[in-house]
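Report on the structure given below.
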């Protein structure tokens, strides 16, 4: 069984960033982490993040305590991206600027052909007490298994 790694990352919450050990932040909770290739990119901004914002209350009604959006961007970019959504307070951000989480979870993908460098594959996971219960990784260019709708159906 995979577990949430003990990595210090910039966490975004209510417009502020804090450096925290991810496994300590999520230790005694049932959570969702979903990852996107990049802040401000079309599919991530128009569908993926908005789907989790829209369904956050329904996900919480199924026992989810926190929902995190991860991207290989720095904390400043993540804060600016989150600020562009007026109802984002239901989601916390993880700025995986050095791709530490993405590397540890074997989720890095090379988007250099699009001038984006190494990024995180689109994914979603459900974890409880740092044990990953379900892990969904999209094939490149696809968006289905990591959607909030699919995750809600899996809970």
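As a rough footprinting exposure proxy, the listed residues 66, 100 were ranked by other beta carbons within 10 Å of their own, and the order from fewest upward is 100, 66. What is the calculated FRET efficiency for residue 21 to residue 109, with r their C-beta to C-beta distance and R₀ = 35 Å, to the nearest 0.05? Once rounded, the FRET efficiency stands at 0.90. One compactness figure for the chain is 0.93, namely its Cα radius of gyration divided by 2.2 N^0.38 Å.
Across 38, 141, 97, mean-square fluctuation computed from a Gaussian network of the chain (C-alpha pairs under 10 Å connected) peaks at 141. Pick from 86, 50, 37: which is most flexible by mean-square fluctuation in a GNM of the chain where alpha carbon atoms under 10 Å apart are linked? Between 86, 50, 37, it is 86 that shows the largest mean-square fluctuation. Distance from the alpha carbon centroid of the range 1-39 to that of the range 120-146 works out to 14 angstrom.
For the range 1-87, a Kirkwood radius taken over Cα pairs fed into Stokes-Einstein (25 °C, viscosity 0.890 mPa s) yields D = 178 µm²/s.
Only beta bridges with both residues in the chain are counted; by DSSP, about 70 percent of them are antiparallel.
Read-outs: derived from the displayed coordinates by stated rules, not from any lab. Just so it is clear, the model here is predicted, and its values are computed rather than measured. Don't worry about glycine lacking a Cβ; one is built from the backbone with ideal geometry, like all the others, and counts go over all protein chains shown.
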